[in-house]
Amino acid sequence: MKALIQRVSHAAVHIDGTCVGDIGPGLLALIGIERDDTPERAERLLNKLLGYRIFNDDDGRMNLGLGATGGGLLLVSQFTLVADTRKGLRPGFSSGASPAVGEELFNTLVTLARERHAPVETGRFGADMQISLTNDGPVTFLLEA
């Protein structure tokens, strides 16, 4: 399971012109699910999402995790994160979870996140989404669980 995370001052996801998820300062996490991922990996990834120290403390140093700041968490499924791009000019997706398994694990991640943090917003699994964000920093990391 992978997450491309960005520290944001604002992020939103729209589907067919309708806003379905919107956060102020916090973390946008684009989630890629691979075929060997498990609910345990989803929990490990969530621990990283909430605890990864990318937010500034009072001294301006990146020492705080999302859980400590109370910022928003926007979770968006993104199948293309699991692409194999090592060869050629076309991505391969053989390592990606099936849509059914991917949706189940994404929903598990969302449920766990909502049990431990607020606010949590999401996109819609498998939908054509438009994401807007203001990256704060810029700060972007690729996390794996």
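Points to keep in mind about this one:
- In segment 24-39, the residues that are more than 13 Å from the chain's Cα centre (by Cα) and over 15 Å from F125 (Cα atoms): G24, P25, R35, D36, D37, T38, P39
- Within segment 98-116, the set of residues being touching a residue at least 12 places away in the same chain (Cβ under 8 Å) and out of contact with any strand residue (DSSP E or B) (no Cβ under 6 Å at 6 or more places or on another chain) comprises S98, P99, V101, G102, E103, L105, N107, T108, L109, L112, R116.
- The requirement of being at pLDDT below 95 and of a type in the set (S, T, Y) is satisfied by T85.
- Residue ID - nearest to the chain's Cα centre (by Cα), chosen from residues in segment 40-83 that are in a loop (DSSP other than H, G, I, E, B) and among the acidic types (D, E): D57
- Residues that are of a type in the set (A, V, I, L, M), surrounded by 13 or more Cβ atoms within 10 Å (Cβ to Cβ) and more than 25 Å from H14 (Cα to Cα), drawn from segment 43-90: I54, M62, L64, A68
- Residues within segment 91-102 that are surrounded by fewer than 16 Cβ atoms within 10 Å (Cβ to Cβ) and touching a Gly at 6+ places or on another chain (Cβ under 9 Å), tallied: 1
- Test: residue in segment 116-138 that is part of a helix (DSSP H, G or I), among the β-branched types (V, I, T) and surrounded by 13 or more Cβ atoms within 10 Å (Cβ to Cβ): no
The values are calculated or read from the model by the stated rules, or taken from the named source; none is laboratory data. Since this is a predicted model, take the numbers as computed values, not measurements. In this analysis, Cβ positions are derived from the backbone assuming ideal geometry, glycine residues included, and neighbour counts consider all displayed protein chains.
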